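Encoded as structure tokens, the structure appears first; notes follow it.
The values are calculated or read from the model by the stated rules, or taken from the named source; none is laboratory data. Everything numeric here is computed off the predicted structure, so don't read it as measured data. We place every Cβ from the backbone using ideal geometry, glycine too, and count neighbours over all the protein chains shown. Heavy atoms of the whole protein, side chains included, go into the accessibility calculation; ligands, DNA and RNA do not. Shrake-Rupley method; radii C 1.70, N 1.55, O 1.52, S 1.80 Å.
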Amino acid sequence: MEEEKKARVQVAVAARKRKGYTPVTPDMQLGFVHNNVDCIGCRACEIACKDKNGLPPGPRFRRVMYVEGGKFPEVFAYKVNMSCNHCAEPACLPTCPTGAIFKRTKDGIVDIDSSLCIGCRRCEAACPFGAPQFDPISNTVMKCNLCVDEIDAGRKPYCVMGCMMRVLDVGPIDKIRDGSYATKAVGPGERVVRQVRNMANPELTNPSIAFVAHPKGKVEG
Amino acid sequence: MDAKTILGNALNVSRRDVLQGAAGTAATAAAGASLFRAVEPREAKAFAYSPYPTDDELVTVPTSCAHNCGSRHMLVAHKKGDVIVRLSTDDGRYQGPQGGFGYDTEEMPQLRACLRGRSYRSRLYSAERLLYPMIRVGERGEGKFKRASWDAALDFIAGKMQDLKQKYGPHALLDQSYAGASYGVLHKSDQIEGLLGRFLGMYGCRTSSWSVPSYQATTFSSRMTFGTIEDGNEDDTFAHSKLIIMWGWNPAYTFHGGNTFYYMRLAKQRGCRFVLIDPQYSDSASAYDAWWIPIRPATDAAMMAGMAFHIFTNGLQDQDFINRFTQGMDPGTMPQWAQGQESFKDYILGTRDGQPKTPEWASAICGVPATDIVKLADLYARTKPAALKASWAPGRNSNGEQYNRMAAALQAMTGNIGKLGGCAEGVGKAWHAEGIAYPYDEFSNVWYASIKSDRWAHLVLNYPNLKREEIGLWPRSDNLDGVIPNVRGIFWQGSNWFNQLPNINKQIEAMKKLDLVVCNDATITPSGLYADVLFPVATHFERHDVALPWYKGHYYIHRPKVIQPLGESKTDFQIYTELAHRLGFGERYNPRASREYFHYDDAVDEAYLSAWWEKVQHHQGADISWEEFKARGTYKFKLPRLHVAFQDQIEKGVPFQTPSGKIEILSTQLAQVTDWTRTAWGHPIPAIPKWTEPFESLNHTEKRAEHPFHLITPHARWRTHSIFNNIPWLRETYEQEVTINAADAATLGIKTGDTVEVYNARGRMVLPAYVTERVMPGVVVVHEGAWLDLDGDGVDRAGNPDVLTLDEPSPAGGFAYNTILVNLRKTDLNHRPGWDQLATSRAHVFRRST
């Protein structure tokens, strides 16, 4: 098996060098939306994801960040929930020497063909959002693939379907952004933003994610 | 492939390995070999990790989670052969014709499992699973066992039971079953309806444990005040409140009802305001944008008295409601027999004791500014309908029942009882599920003595030189009344009580004096390490049952035997039935079963359950057959109206279940006690709610000289008590840590991540510190349930706060889990989290301050 993989990878690397990298413009881009305020931070989404993907402790495709601040007793807290943002311009993709990372034309899902991954971890360093997760057991990098099998079956990913507060959802990111996508994640009168505090500049990769931001988590502009 | 290998593979999979490990069949092995045959790069397409069984390629079996968490959600097992490959949850498809993928309405919401439920696969297949009967070979507590045959283990126990009963009488065996394996209708574990209680009671040798660790103060209060613990509204009613006061309640952590937290989100969207009274700014406070009122632990009743003062003196009470429905709220509602005695209003205004319970008086005790007490009282009295949800945690204090009784008084004086959007909780038990499928008859819950649960060690260590009131001996009307039980053995079923009851060091001493300790469990636990015999118990995936909602929620979930029991594990029902056969009463204990039940349980369990479903059909109008229910997996009821406790009492004049038929602010029962030593409580309890000084608190300046911090021990979201402590996926999401206010930490020179020792006269524990502005100064927080891990000096390196708690309960039986003064210091001792932290992500809790 190892020999076969080696041969496959060699062919893939050569092809990668020959063909180079052409950005993919998807027919439709799927993306996540998360309500930073109403999220109770229960992490059911994280564990649903671990189970779905059979992950050992360590790699963590979805991460709920607990943010807090203020001075007693005037304090605040909110959650920022992120997995892979399936960016419009993924920084991971061009770094991959074997071409294992690809973006689907159909819906813009970014995924890694693990049979071509050599565990070089370049993508991990390139991603501004910490999405690629190295698994020392398989010596590969893995990440959220938006439960592509569920998407193809006409359903939604495990994290979204596991959300107890219904604050995490998935859909065409353009419609999520312009408010025309019906979702429980966004409450009446709430608007979504592309960026929240302490998050990397979305101009870097154009991540397919939107947030309902906490007042203290809002950024200028 | 042996079971362990299958488990290991099933859990430690990279996605490419999934099929090889999880299934290991010839067909999949062939598929695996052909995977890399092509050396040309394949056109990139999903699923990139193939071969990977998608959900639709696996066998789907709806079931539920099982434990005693305050909720009950659906799990959907996806299995290949006899191995569960993954779990999902309710997605709307499993509830019959009106369902469908994504169906999720306010009327019939999905029952989505929490993080614990989602991690069940790693509990089922954990390295800590017990697979064979084990008999102790080392010293008790040393943790040395050898594998035994079922025959040998059962004979050993049966023989011991006969010896102990003969030598020491009908008290000798202490039932410490609890709800850890509960909330099925057939395989039950608890003190009242449990299988163990019926087994020991029928055998004629049982001391039971009557006080409930989670909410005894609350239970007491609701029984005295309303005459019932069914004081709860269904979770959907919370969407209709205009104000929700979360008193010590953190629904983001401790779910109370399957979707309460979600309905509260809907309430927020509809303009409901939220208030949190708690020493901590919880995730509930942030998610519901609540007004946070930090309060000194164990002083809640004082603050409530201050609120009552403001309401009375400003005429904000609902006098009409008071006159019609309450007893003893004010002089006008005092019953004939109590004329001239102190009413609740007399107490609040200080007419008898000369101390008006003003907001200023309250402020000096509870630390909340008087202006805030007034503001909250005003808000609560003027907002209709308003829900004051008096949670259980503040009741887990010395005299915690006074907090619950006082809360009921506030709920009543503002007329918020029996009304949609109001709240009389308390206990919070709402719609009454049809709960029991096995024979519940005159043999169930038979006991020859019953003690306060947390006094067992005190009893064993001091027998026979103690008074009945020291152990809260429940009165009897026969010649066993007042007889101090001579407990010589303990049975655990669904219970890790040794780890969970207060003052563990005292329990360790008591444990040494016992002749027999028997533990039924699915995994090894800290209690199990102290057992003489470990019986391996099948998990709820490995036995047939039906899941009940937990106090709230109108639905049933079918729970089939998803896979065959691992190893030689058996159900509790099988084990007790077989023991009963060996002791000569097997046929009475399990009348539907023959002796074959130990090996073949399917037909008998099916018979019990289908007979139980007939009761559901008759009592609750379920309109589908048992077969249809099994095919769907879940049955969600639509109730005729949103269920609000006491609505009939208020709207139709149905009497409350109290002696007077009223809401008893003045308790008839308590007022008529003449000799408290002959009650189960043992010590006086006021007949009207009164602020009562706790054993210790931040106001006790003398005690604070040595132990300046008040420790509270709330429930964690990543465990159900001690269950799930061993799950790596969950361990990744938290630290067992002590939460310290930033200013306090600065004084002590402690930073986040420092290892500190928390100690008092009862014990010592070592754990990392988490420094934050979100907890009030003087208060530290450690979540209950970590698995005890003592070093050679008796220091708990895991951080189980029950090495510090006091085993002296409140008179009404409430555990004093949150009444603990402690001190802290930095230490060189290392914390032992009980698992491999190096295996996890770089920043595993993922937390930052801005």
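Sort out which residues of segment B:52-100 are open to solvent by 10 Å² or more (accessible area, probe 1.4 Å), farther than 26 Å from B:GLY567 by Cα and among the hydroxyl-bearing types (Ser, Thr, Tyr), and write them in order of number.
B:TYR52, B:THR54, B:TYR94
Which of the following residues is surrounded by 22 or more Cβ atoms within 10 Å (Cβ to Cβ) and touching a Lys or Arg at 6+ places or on another chain (Cβ under 6 Å): B:LEU115, B:LEU124, B:LEU130? Talk me through it step by step, then tell me what you get.
On the way: B:LEU124 fails: touching a Lys or Arg at 6+ places or on another chain (Cβ under 6 Å); B:LEU130 fails: touching a Lys or Arg at 6+ places or on another chain (Cβ under 6 Å).
Being surrounded by 22 or more Cβ atoms within 10 Å (Cβ to Cβ) and touching a Lys or Arg at 6+ places or on another chain (Cβ under 6 Å) holds for just one of B:LEU115, B:LEU124, B:LEU130, which is B:LEU115.
Does B:ASN818 fit the bill of being open to solvent by less than 20 Å² (accessible area, probe 1.4 Å), farther than 30 Å from A:ALA131 by Cβ, in contact with a strand residue (DSSP E or B) (Cβ under 6 Å, 6 or more places away or on another chain) and touching a residue at least 40 places away in the same chain (Cβ under 8 Å)?
Values: open to solvent by less than 20 Å² (accessible area, probe 1.4 Å): yes; farther than 30 Å from A:ALA131 by Cβ: yes; in contact with a strand residue (DSSP E or B) (Cβ under 6 Å, 6 or more places away or on another chain): yes; touching a residue at least 40 places away in the same chain (Cβ under 8 Å): yes.
The answer is yes for B:ASN818.
Exactly one condition in (1) more than 27 Å from B:SER453 (Cβ to Cβ); (2) free of Cβ contacts under 8 Å to residues at least 12 places away in the same chain is not met by B:ILE624; state its number.
Of (1) more than 27 Å from B:SER453 (Cβ to Cβ); (2) free of Cβ contacts under 8 Å to residues at least 12 places away in the same chain, only one is false for B:ILE624: (2).
Given the condition modelled with pLDDT of 95 or more, under 24 Å from the mean Cα position of the chain (by Cα) and under 30 Å from B:TYR347 (Cβ atoms), answer yes or no: does some residue in segment B:432-448 qualify?
no
Inspect all residues belonging to segment A:29-45 and state whether any of them is open to solvent by 10 Å² or more (accessible area, probe 1.4 Å), more than 11 Å from chain B (Cβ to nearest Cβ) and touching a residue at least 60 places away in the same chain (Cβ under 8 Å).
Taking every residue of segment A:29-45 in turn, at least one turns out to be open to solvent by 10 Å² or more (accessible area, probe 1.4 Å), more than 11 Å from chain B (Cβ to nearest Cβ) and touching a residue at least 60 places away in the same chain (Cβ under 8 Å).
Which of the helices (runs of 4 or more DSSP H) contained wholly in segment B:490-583 include at least 2 residues that are over 23 Å from B:MET161 (Cα atoms) and either in contact (Cβ under 8 Å) with a residue 24 or more places away in the chain or not aromatic (Phe, Trp, Tyr) (or both)? Don't jump to the end; show me each part of the working.
Working: elements: B:497-500, B:504-511, B:572-583.
Answer list for segment B:490-583: B:497-500, B:504-511.
Can you tell me which residues in segment B:732-762 are open to solvent by less than 10 Å² (accessible area, probe 1.4 Å) and of a type in the set (Gly, Ala, Ser)?
B:ALA745
So, in segment B:665-707, exactly how many residues are of a type in the set (Val, Ile, Thr) and in contact with a Lys or Arg (Cβ under 6 Å, 6 or more places away or on another chain)?
Summing the residues that are of a type in the set (Val, Ile, Thr) and in contact with a Lys or Arg (Cβ under 6 Å, 6 or more places away or on another chain) in segment B:665-707 gives 0.
Per-residue answers, yes or no, for (1) in the same structural domain as B:LYS268 (by TED's automatic domain parsing); (2) more than 28 Å from B:GLY778 (Cβ to Cβ); (3) open to solvent by 10 Å² or more (accessible area, probe 1.4 Å); (4) outside any strand (DSSP E or B):
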site: B:ILE348; (1), (2), (3), (4): yes, no, no, yes
site: B:GLY354; (1), (2), (3), (4): yes, yes, yes, yes
site: B:ALA362; (1), (2), (3), (4): yes, no, no, yes
site: B:ILE365; (1), (2), (3), (4): yes, no, yes, yes
site: B:THR371; (1), (2), (3), (4): yes, no, yes, yes
site: B:VAL374; (1), (2), (3), (4): yes, no, yes, yes
site: B:LEU379; (1), (2), (3), (4): yes, no, yes, yes
site: B:LYS389; (1), (2), (3), (4): yes, no, no, no
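Among the residues of segment B:739-778, how many are in a loop (DSSP other than H, G, I, E, B), within 14 Å of another protein chain (Cβ to nearest Cβ) and either more than 21 Å from B:ALA705 (Cα to Cα) or polar (S, T, N, Q) (or both)? Please lay out each step first, then the result.
Taking segment B:739-778 and keeping what is in a loop (DSSP other than H, G, I, E, B), we get B:749-754, B:761-762, B:773-774, B:776-778.
Checking the rest, the ones that are also within 14 Å of another protein chain (Cβ to nearest Cβ) come to B:752, B:773-774, B:776-778.
Filter once more, so that each one left must be either more than 21 Å from B:ALA705 (Cα to Cα) or polar (S, T, N, Q) (or both): B:752, B:773-774.
Number satisfying all stated conditions: 3.
Mind checking which helices (runs of 4 or more DSSP H) fall wholly inside segment A:139-221 and carry at least 3 residues that are open to solvent by 80 Å² or more (accessible area, probe 1.4 Å)? It would help to see each step written out before you state the result.
Details: elements: A:148-152, A:158-161, A:173-178.
Because the criterion is at least 3 residues that are open to solvent by 80 Å² or more (accessible area, probe 1.4 Å), the helices (runs of 4 or more DSSP H) in segment A:139-221 that meet it are A:173-178.
Can you give me the number of residues within segment A:48-69 that are in contact (Cβ under 8 Å) with a residue 60 or more places away in the chain and at the interface with chain B (Cβ under 7 Å from one of its Cβ atoms)? Can you show your working first?
At the first step, the residues of segment A:48-69 found to be in contact (Cβ under 8 Å) with a residue 60 or more places away in the chain are A:48-49, A:51-53, A:55-56, A:58-63, A:67, A:69.
Cutting the leftovers down to at the interface with chain B (Cβ under 7 Å from one of its Cβ atoms) gives us A:48, A:51-53, A:56, A:58, A:60, A:63, A:67, A:69.
Residues in segment A:48-69 being in contact (Cβ under 8 Å) with a residue 60 or more places away in the chain and at the interface with chain B (Cβ under 7 Å from one of its Cβ atoms): 10 in total.
Can you tell me which residues in segment B:517-536 are in contact with a Pro (Cβ under 9 Å, 6 or more places away or on another chain) and either acidic (Asp, Glu) or surrounded by 24 or more Cβ atoms within 10 Å (Cβ to Cβ) (or both)?
Those that are in contact with a Pro (Cβ under 9 Å, 6 or more places away or on another chain) and either acidic (Asp, Glu) or surrounded by 24 or more Cβ atoms within 10 Å (Cβ to Cβ) (or both): B:ASN520, B:ASP521, B:ALA522, B:LEU534, B:PHE535, B:PRO536.
If you take the residues in segment B:584-598 that are part of a helix (DSSP H, G or I) and open to solvent by less than 10 Å² (accessible area, probe 1.4 Å), which one is farthest from B:TRP613 (Cα to Cα)?
Initially, segment B:584-598 is screened for residues part of a helix (DSSP H, G or I), giving B:586-589, B:595-598.
Okay, now just the ones that are also open to solvent by less than 10 Å² (accessible area, probe 1.4 Å), so B:586, B:589, B:597.
On the way: B:GLY586: 25, B:TYR589: 21, B:TYR597: 21 Å.
Looking at the filtered set, the residue picked out is B:GLY586.
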